[in-house]
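Below is one structure, written out as structure tokens, with a few remarks after it.
The values are calculated or read from the model by the stated rules, or taken from the named source; none is laboratory data. Being a predicted model, the structure only gives us computed values, none of them experimental. SASA here: full protein model, heavy atoms, side chains in, ligands and nucleic acids out. Shrake-Rupley method; radii C 1.70, N 1.55, O 1.52, S 1.80 Å.
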Amino acid sequence: MSILEVDSVVVRFGGVVAVNNANYAVAEQQITGLIGPNGAGKTTSFNVITGLQKPTEGRVRFQGKDITGLPVHRRARMGMGRTFQRLEAFGSLSVRENVQVARDIHAGLRGIFRSGRSDVDGVLERVGIIQYADERADNVPTGVARLLELARCLVGDPKLLLLDEPSSGLDESETDEFGELLKDLAAEGRAILMVEHDMDLVMSVCDEIHVLDFGTIIATGDPAEVRSNPKVQEAYLGASVEDHDASGAGRHVAEDLTEQTLVDIPAAEQTTVVPAVNDQGVRG
Ligand SMILES: Nc1ncnc2c1ncn2[C@@H]1O[C@H](COP(=O)(O)OP(=O)(O)O)[C@@H](O)[C@H]1O
Ligand SMILES: [Mg+2]
């Protein structure tokens, strides 16, 4: 069963096709990865799913309902939670207060009143940052701030969690713990859709992975299938060049390659692949 279905979604920004007829689904109680080089359309896809971006064409269904025209708060009320690539916490509030505010917003959306802090502290414990509860949010290490983002999301008890680059700022052991936490969250019945550049994390936690390149889904499968898919390997190898789209914004993907663990490429074979790109930023 799918909790989310993205059906023939297109997003155009002027001449740039950021998402090009994307079709994919997110299964209930599973961890699904959405990966691809920088500029592939991952964040735009998240914005379409959460309602920040209206698709030029196509539909989005959540729990079987067409939500394409629904505003962000209605989707949140239905059980969609999201973290942002950019950290969004209130710097002058404490870690606990940040989660309390998020809790109150979620409660307000659902028309219920909650007080106290037991549920808030429960979530802080869950993500492993209770020891930072009284610190100002702008004073904690980036890794803690990332987990705070997750806590702010979890306190709304989402059925579908959308995570944009959740592991950035986490060190290796924090990332391992984070992966275990994601598996626990899925096991307790939540679906997770994750945009993530750390391929070790993606490959170790995801049940299914969708690969975007130039706005197009070029592969869907389990980690082993995706890893061995020649199109995926080419997309990531091609990522070693700077490619420019029609907006001139550029496609700076070198950082993906330095993190490159998708395929082990002997140094001598790291040739540059320059894909032909038409004026819509879409490979011809
Ligand atoms: N608001 C916007 N206006 C114009 N172009 C945009 C906008 N948002 C994204 N883009 C372009 O859409 C493409 C996909 O961007 P994005 O979804 O941010 O990719 P990713 O998250 O995979 O790195 C890029 O070419 C980017 O420059
Ligand atoms: Mg992005």
Accessible surface ranking that places the most exposed of Thr32, Thr56, Thr216, Thr44 first, with a 1.4 angstrom probe: Thr56, Thr216, Thr44, Thr32
Potential lengthening between Ser8 and Lys231 on full extension [0.36 nm per residue; Cα-Cα distance subtracted]: 78.2 nm
Solvent-accessible surface (1.4 angstrom probe) belonging to His106, in square angstrom, nearest 10: 40
C-alpha center-to-center spacing [the stretch 173-187, the stretch 31-97] in angstrom: 21
Gain upon complete extension [Lys54, Asp176; 0.36 nm per residue less C-alpha separation]: 40.4 nm
